[in-house]
Amino acid sequence: MTASLRGLRIVVSAGPTYEDIDPVRFLGNRSSGKMGFAIAASAARREADVVLVAGPVALATPDRVRRVDVRSAAQMRVAVLAALPADIYIAAAAVADFAPRHPSALKLKKSDTGDTLLLELVRTPDILAEVAAHLPRPRLVVGFAAETHELGRYAQGKLRDKKVDLIIANQVGMPGSGFESDDNMLTAFDHHGSHALGSGPKTELADALLDLVHERLGDGDATSATDPLAHRQR
Ligand code: CTP
């Protein structure tokens, strides 16, 4: 039987972010948003109160999910923080790590730049680390890691550096997994070790991930972070 998440508030981020260079160009990435949308849909089927903060994607909103559309990492940060407090935060978005320092209000013209164009990029805010440090903190903070190599080492590093409870790692750069694919292969890392979630359609992996989330929350305590009484007791 599917584990219920009734009464729990879950915030999920999904998709890429676009960082504008000028009014017609941006820096983006190949995230389709499918994994995050599948997680949001599965959480809603389990009767959670779901807020889905979505970067630019071409996907339909799952039933009974409140969707907030954003474009840039800065906008995603504002929307995610506005959705707190929550019981669970799942960061499935592929947030751009860098954005142009001075996006141009006017379209850049080749005639003005010559043969080379130097773009100065600055780090975007780390939304996942900020949510993990936020008070009241969600009971479970889950990040993703897309890696082409040394999956375990990088996943453990992100667990530590961002102070999150779980990192869900997937190998990218192989056919049948990762960005743009309907399928994926996921491994969950916590501070004690790793746990294979298997491979297959992202919809099935989303269910496996939420079963793990349910298990990690511990049984019997479905008190919501959005319940004012629960806050006082926290
Ligand atoms: N993340 C975030 N805010 C950012 C960047 C990433 O919230 N500015 C989140 C993503 O949603 C994901 C996790 O952090 O859950 C990914 O971690 P990160 O270290 O940023 O991975 P990469 O972008 O792959 O970075 P690196 O190149 O260092 O591996």
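Each reported figure results from applying straightforward, stated rules to the coordinates on display, with no laboratory input. None of these values were measured; they are calculated from a predicted model. Counting neighbours? That spans all protein chains shown, and the Cβs are built from the backbone with ideal geometry, glycine included.
Brief remarks on what is shown
- Separation in nanometres of the label points that stand 7 Å from Cα toward Cβ, at ASP183 and LEU106: 5.1 nm
- Angle between the chain longest axis and helix 34-45 axis [Cα atoms, degrees, rounded to 10]: 30 degrees
- Ascending count of other beta-carbon atoms within 10 Å, so fewest first, for LYS109, LYS202: LYS109, LYS202
- Fraction of antiparallel bridges per DSSP, the chain only, in percent to nearest 5: 40 percent
- PHE144 long-range amide H proximity, modeled H, under 5 Å: ALA91, ILE168
- The chain: proportion of alpha-carbon pairs further apart than 27 angstrom, %: 34 percent
- For the chain, with +1 on Lys and Arg beta carbons and -1 on Asp and Glu, the positive-most of ILE168, GLY33, LEU117 along the dipole: LEU117
- Scalar couplings 3J(HN,Hα) for region 85-101, obtained by applying the Karplus form with A = 6.51, B = -1.76, C = 1.60 to θ = phi - 60°, are x, 9, 7, 9, 10, 10, 9, 9, 6, 9, 6, 4, 7, 9, 9, x, 5 Hz; x denotes Gly and Pro.
- Relative contact order of the chain, pairs being alpha-carbon contacts under 8 Å that are 6 or more residues apart, as %: 21 percent
- Equivalent ellipsoid, region 1-84 (semi-axes from 5 times Cα gyration tensor eigenvalues, Å): 26, 13, 8
- P(r) tail, region 34-130: Cα-Cα pairs separated by more than 20 Å, 47% of all pairs.
- Degrees between helix 73-82 axis and first principal axis of the chain (Cα, 0 to 90, nearest 10): 30 degrees
- For ALA54, net neighbour charge (Lys/Arg +1, Asp/Glu -1) across residues whose Cβ lies under 12 Å away: +3
- Mean ellipticity per residue at 222 nm, deg cm²/dmol - from DSSP H runs of n ≥ 4 across the chain, formula -39500 (n - 2.57): -8000 deg cm²/dmol
- Applying the Karplus relation 6.51 cos²θ - 1.76 cosθ + 1.60 with θ = phi - 60° to region 159-173 yields 3J(HN,Hα) values of 4, 5, 5, 8, 6, 9, 8, 9, 10, 9, 9, 9, 7, 10, x Hz, where x marks Gly and Pro.
- Each of ASP69 and ARG216 was given a label point 7 Å from its Cα along the Cα-to-Cβ line. The distance between the two points is 3.1 nm.
- Contact order relative to length of region 20-149, as percent, for alpha carbon pairs under 8 angstrom and 6 or more apart: 28 percent
- Under 5 Å, built H, 5+ apart or other chain: amide partners of ARG71: MET76
- Placing +1 on the Cβ of every Lys and Arg and -1 on the Cβ of every Asp and Glu, with no other charges, gives region 80-203 a dipole of roughly 300 debye about its Cα centre.
- Fraction of the pair-distance distribution of region 75-204 above 20 Å, Cα-Cα pairs, percent: 55 percent
- Residue-normalised convex hull volume from the C-alpha trace of region 115-179: 134 Å³ per residue.
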